[in-house]
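Visitor: Got a structure here, written out as structure tokens. Questions coming.
The values are calculated or read from the model by the stated rules, or taken from the named source; none is laboratory data. Predicted, not measured: the structure shown is a model, and the values here were computed from it. Every residue, glycine among them, receives a Cβ derived from its backbone with ideal geometry; neighbour counts consider all protein chains shown.
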């Protein structure tokens, strides 16, 4: 009897099993301020999974996340679960920094994959399912309705073509005497890619899969150069600073991610609207946003915890919450059936227009040397806008540099 009592006492006194820790690396301010949201999602998950402790690590932007993951992989250490910009998928795989999701999900792959919107899968790895879309955006045009009214411009028919867009900027600039259109910093290569995509050739037209000197790319860069030379376009030095400047009324028109709509809703003191960017001849638009990755070198318990957290992040409620608080699109069809999403995308207005453009979503340019290729594209734009180089000459240099980087 005494032995039994002692055993019971020992059992009661034994400490609870330690929770499995899972690091979750996120870009807290890539496009909007999502830091609070990621912490909220982690807390909500832990209420139903007390044996798992999610450590949210907020880094400033996507590049910082990738840099941290690459460093951990080089040291053969796990970086946990992380969110990185979608076009880094192949580069992270090439570096051995991730565990492919198709491998980690195993028998659950088919049902998980089927729940995702097909138009958002283009940057998940091609033949392999390396990473999953977590949230999506597209490049869009934001317009200050108040500034347009002051210039005598109606918002009933927003510009849909490059010619109409140029005419609008001329009217707005004549009214204020300063450039009316800001081209966002940091991700202006994506905005340029989006404009080139509307020509039908874009940046992928040659046998190697990347055609930086395509006719469409030349046309798009020539258009941006013309706007700049006419004093209609100003360059914004920072990405998030672009949408902040719009929200403060500094520029009546900006191209930015649809994921910035939440910031504008919160901060703008004037009526505004948002719609797709003006087109050349097609409706194609390369998506942006973040993918969810599992890092390499995870321990078994950590991997199991990551799979449980992944399952939660793709529930309709979690996806709807992420979308509602940021302006990003959810990536599962079931999330669009949530009441908050029905209100946002089912009613008339700017969000409805953006939702209607989803069938035109295409994959973003992606290579195994992604960060350097992005630098090549940005340098081509810089030479044109800052140095006045002819678009075809600048893009020829870019194509040469890209081919060398890709070994082609």
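Visitor: What number goes with the only condition from (1) surrounded by 17 or more Cβ atoms within 10 Å (Cβ to Cβ); (2) touching a helix residue (DSSP H, G or I) at 6+ places or on another chain (Cβ under 8 Å); (3) modelled with pLDDT of 90 or more that residue 399 does not pass?
Guide: (2)
Visitor: Return the total of residues in segment 267-322 being touching a residue at least 12 places away in the same chain (Cβ under 8 Å) and assigned to a helix (DSSP H, G or I).
Guide: Initial filter on segment 267-322 (touching a residue at least 12 places away in the same chain (Cβ under 8 Å)): 267-299, 301-310, 312-314, 316-322.
The next check asks that each one be assigned to a helix (DSSP H, G or I); those that pass are 267, 301-310, 312-313, 316-322.
Counting residues in segment 267-322 that are touching a residue at least 12 places away in the same chain (Cβ under 8 Å) and assigned to a helix (DSSP H, G or I) gives 20.
Visitor: State which residue is farthest from residue 226 (Cα to Cα) when the search covers only segment 167-186 and only residues that are buried (at least 19 other Cβ atoms within 10 Å of the Cβ) and modelled with pLDDT of 95 or more. Don't jump to the end; show me each part of the working.
Guide: Taking segment 167-186 as the starting set, the residues that turn out to be buried (at least 19 other Cβ atoms within 10 Å of the Cβ) are 168-169, 172-173, 179-184, 186.
Now restrict to residues that are modelled with pLDDT of 95 or more: 168-169, 172-173, 179-182.
Numbers: 168: 14, 169: 12, 172: 16, 173: 14, 179: 13, 180: 14, 181: 13, 182: 14 Å.
Only one residue tops the list, namely 172.
Visitor: Return the residues of segment 109-149 that are part of a helix (DSSP H, G or I) and closer than 17 Å to residue 259 by Cβ; say none if nothing qualifies. Walk me through it before giving the result.
Guide: Let us first name the residues in segment 109-149 that are part of a helix (DSSP H, G or I), namely 109-114, 118-120, 145-149.
Result: 119, 120.
Visitor: So, in segment 123-164, how many residues would count as being under 16 Å from residue 276 (Cβ atoms) and crowded, with 23+ Cβ neighbours inside 10 Å?
Guide: 7
Visitor: For a quick check of your reading of the model, give me the residue pairs whose first member lies in segment 380-408 and is part of a loop (DSSP other than H, G, I, E, B), whose second is at pLDDT 95 or above and buried (at least 18 other Cβ atoms within 10 Å of the Cβ), with beta-carbon atoms closer than 6 Å and at least 6 apart or on different chains.
Guide: 389/383
Visitor: Taking only segment 341-354 into account, find how many residues are out of contact with any strand residue (DSSP E or B) (no Cβ under 7 Å at 6 or more places or on another chain) and buried (at least 16 other Cβ atoms within 10 Å of the Cβ).
Guide: Going residue by residue through segment 341-354, those that are out of contact with any strand residue (DSSP E or B) (no Cβ under 7 Å at 6 or more places or on another chain) are 341-349, 351-352.
Subsequent filtering for residues that are buried (at least 16 other Cβ atoms within 10 Å of the Cβ) retains 341, 344-345, 351.
Number of matching residues: 4.
Visitor: Same structure again: Given (1) assigned to a helix (DSSP H, G or I); (2) in contact with a strand residue (DSSP E or B) (Cβ under 9 Å, 6 or more places away or on another chain), where does residue 218 come up short, assuming only one miss?
Guide: Condition (2) is where residue 218 drops out.
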